[in-house]
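K.L.:
Sending over a structure as structure tokens; questions will come in a sec.
Read-outs throughout are calculated quantities, based only on the coordinates presented, and are distinct from any laboratory measurement. Keep in mind that this is a model prediction, so the values were computed, not measured. Cβ placement follows ideal geometry from the backbone for every residue including glycine, while neighbour counts extend to all protein chains displayed.
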Amino acid sequence: MTQPAHGGNLVWAAKLAGCPPSAIVDFSASISPLGPPHSVLVAMKSQMAKVRNYPDPNYSELRLALSHFHQLPSEWILPGNGSAELLTLLGREFAQLTATVLMTPAFGDYYRALRSYNANVQELFFWEEEEDKGKAIKFIPPLSDSVTPKTSGLIINNPHNPTGKLFVREAILHYLEEFALVVVDEAFMDFLSPEEEQSLIGLVQKYPNLVILRSLTKFYSLPGLRLGYAIAHPERLQYWKLWRDPWPVSSLAEVAGIAAISDLDFQEQTWAWLPTVREELFQGLSQIPGLEPLPSAANFLLIKSQVSVKKLQSQLLRHHQIFIRDCVSFPELGDRFFRIAVRTSEENQLLLDAFNQVMIRNAG
Ligand SMILES: Cc1ncc(COP(=O)(O)O)c(C=O)c1O
């Protein structure tokens, strides 16, 4: 079995651990441990009969709910089969430009989407580990001379996977004036409370070259359902619809999406929970010799390791059925970094105990 390029591949992990996938404690996929919200499961069960009919190809109810949620007209919103499906449509857009600037280390699926249409990728390494001072990025390094922004695109992931860094709005704003197309992937932005978030959704009506991607996967713990959405100029979204199949989102995903964004209690609960538990986990990891976590604004942490991560990953799987995300698929990070989701306090403690045992064994 080949090495997975994404977190959450439990079949692969279970094979290595020698146990069923359900026995794995999965820190590798950055999914909230608080969901799915009860309200979502109840709504799906009560509307199961919807599977007898095709979904509404316009997804009018979901778009209306999202339009209230983000205070935008619904023509500016297009649901997709996870934000990964919308990335594929973007690959086709980017291929029409002279180049696409990718801030690296970058989420691997951007490369898939761009390469599938032969887009010209220009990498911009934005994060200097030695200069890492905190959660927020206020300055992005200059572009190389080979890029002409007027005819190029840019993808920014905010907060950024895998570093957990948050670009403050002002660090991105000037690109909206310069680039032909700017995509801001905000798959993890909902983990920040309304006081902290740095979303560009409020600017989308001012900039026809701006596309925002959002996902319901991480915050509402629904990776298996596949639901995300794009927020962009209605004209752009209209031709995207012509590029894809008529019903990419299932009826049940539409029901789930409406219930999820309406669940204000769940949202409040998550914002109250994350900062404390993330800080506890950060402190716990900082005390383990050989590990160095980096400050994060998201629901995951990137950690530098003095020991080979592939070795650690295999030891944690075989002896503790715990799965961490190695960073070998990010060429800039390699075998000295790994990423973990913030899970419940009890699960985080299991991870810390397992790390302590593994590190002692490795030192002995
Ligand atoms: C940064 C980022 N964007 C998008 C996605 C895709 O999410 P979805 O499940 O909505 O397709 C992921 C999934 O890992 C991600 O990490």
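K.L.:
For a quick check of your reading of the filter: which chymotrypsin sites (Phe, Trp or Tyr not before Pro) in segment 87-162 sit in a DSSP loop and have no more than 12 other Cβ atoms within 10 Å? Walk me through the numbers before you get to the answer.
P.N.:
Details: sites: Phe94, Phe107, Tyr110, Tyr111, Tyr117, Phe125, Phe126, Trp127, Phe139; in loops: Phe107, Tyr117, Phe126, Trp127, Phe139.
Sites meeting the loop and neighbour criteria: Phe139.
K.L.:
Taking only the alpha carbons of the chain, what extent do you get along each of the three principal axes, in Å, biggest first?
P.N.:
63, 57, 41
K.L.:
Next question, about the same structure. DSSP loop (so not H, G, I, E, B), at most 15 other Cβ within 10 Å: list which GluC sites (Glu not before Pro) in segment 73-139 pass both filters. Intermediate values should be presented prior to the final figure.
P.N.:
Numbers: sites: Glu75, Glu85, Glu93, Glu123, Glu128, Glu129, Glu130, Glu131; in loops: Glu128.
Qualifying residues, ordered by number: Glu128.
K.L.:
Another question, then. Name the residue from Leu154, Pro79, Tyr110 whose Cα lies farthest towards the positive end of the charge dipole of segment 51-262, charges +1 on Cβ of Lys and Arg and -1 on Cβ of Asp and Glu.
P.N.:
Pro79
K.L.:
Let me ask something else about it. Most exposed first by the Cβ proxy, i.e. fewest other Cβ within 10 Å, how do Arg361, Arg325 rank?
P.N.:
Arg361, Arg325
K.L.:
Next question. For each of Cys327, Cys19, count neighbouring Cβ atoms within 10 Å of the residue's Cβ, then give the residues from fewest to most. List each step's numbers first, then the result.
P.N.:
Details: Cys327 22, Cys19 14.
By the 10 Å Cβ count, ascending: Cys19, Cys327.
K.L.:
If you don't mind, there's one more thing I want to ask. Only Cα pairs under 8 Å and at least 6 apart count here; give the relative contact order of the chain as a rounded whole percent.
P.N.:
25
K.L.:
Here is a follow-up. What does the charge count near Tyr117 come to, summing +1 for each Lys or Arg and -1 for each Asp or Glu among other residues with Cβ under 10 Å from its Cβ?
P.N.:
That works out to +1.
K.L.:
Given Cβ point charges of +1 (Lys, Arg) and -1 (Asp, Glu) and nothing else, what value in debye, to the nearest 20, does the dipole of segment 51-262 about its Cα centre take? Walk me through the numbers on the way to the answer.
P.N.:
Values: 18 positive and 25 negative charges, 119 e Å.
Charge dipole of segment 51-262: 580 debye, to the nearest 20.
K.L.:
Please rank His38, His160, fewest neighbouring Cβ atoms within 10 Å first, as an exposure proxy.
P.N.:
Ascending Cβ contact count within 10 Å gives the list His38, His160.
K.L.:
Follow-up. At what distance in angstrom do the alpha carbon centres of segment 184-247 and segment 16-53 lie from each other?
P.N.:
If we compute the Cα centre of each part, the gap is 22 Å.
K.L.:
Once you charge only the Cβ atoms, +1 for Lys and Arg and -1 for Asp and Glu, what is the size of the charge dipole of the chain about its Cα centre, to the nearest 20 debye?
P.N.:
Taking the Cα centre of the chain as origin, the dipole is about 1020 debye.
K.L.:
Students often get this wrong, so check it: of Lys45/Lys165; Lys218/Lys304; Lys218/Lys310; Lys135/Lys206; Lys50/Lys241; Lys45/Lys241, which have C-alpha atoms separated by over 32 Å?
P.N.:
Working: Lys45/Lys165 37 Å; Lys218/Lys304 23 Å; Lys218/Lys310 25 Å; Lys135/Lys206 28 Å; Lys50/Lys241 22 Å; Lys45/Lys241 29 Å.
In this structure, Lys45/Lys165 lie more than 32 Å apart at Cα.
K.L.:
Then there's this: For every helix of n ≥ 4 consecutive DSSP H residues, a contribution of -39,500 (n - 2.57) applies; sum these over the chain, divide by its total residues, and give [θ] at 222 nm rounded to the nearest 500 deg cm²/dmol.
P.N.:
When only DSSP H runs of four or more count, the value is -11500 deg cm²/dmol.
K.L.:
Moving on to the next point. I need the trypsin sites (Lys or Arg not before Pro) found in segment 63-141, filtered to DSSP loop residues with at most 13 other beta carbons within 10 Å of theirs. Before the final figure, lay out the partial values.
P.N.:
Working: sites: Arg63, Arg92, Arg112, Arg115, Lys133, Lys135, Lys138; in loops: Lys133, Lys135, Lys138.
Those that pass, being in a loop and sparsely packed, are Lys133, Lys138.
K.L.:
First check a/c for segment 207-364, with a ≥ b ≥ c the square roots of the eigenvalues of its C-alpha gyration tensor; if it is under 1.5, answer rounded, and if not, answer prolate when a/b is larger than b/c or oblate otherwise.
P.N.:
Because a/c hits 1.5 or more and a/b exceeds b/c, segment 207-364 counts as prolate.
K.L.:
Further question: Net charge within 15 Å of Val183 by Cβ-Cβ distance, Lys/Arg positive one each and Asp/Glu negative one each, not counting Val183 itself?
P.N.:
Cβ neighbours under 15 Å give a net charge of -2.
K.L.:
What fraction of the DSSP beta bridges in the chain is antiparallel, stated in percent and rounded to the nearest 5?
P.N.:
Antiparallel bridges: around 45 percent, rounded to the nearest 5.
K.L.:
Treat each spin label as a single point 7 Å out from the Cα along the C-beta direction, and report the Ser286 to Arg92 distance in nm.
P.N.:
4.8
K.L.:
Additional query: Of Leu200, Tyr59, Phe126, which is farthest along the charge dipole of segment 51-262 in the positive direction, counting Lys and Arg as +1 and Asp and Glu as -1 at C-beta?
P.N.:
Going by the Cα projections, it comes out as Tyr59.
K.L.:
So for segment 289-364, averaging the separation of alpha carbon pairs under 8 Å that are six or more residues apart and normalising by length, what relative contact order in percent results?
P.N.:
It comes to 29 percent, rounded to a whole number.
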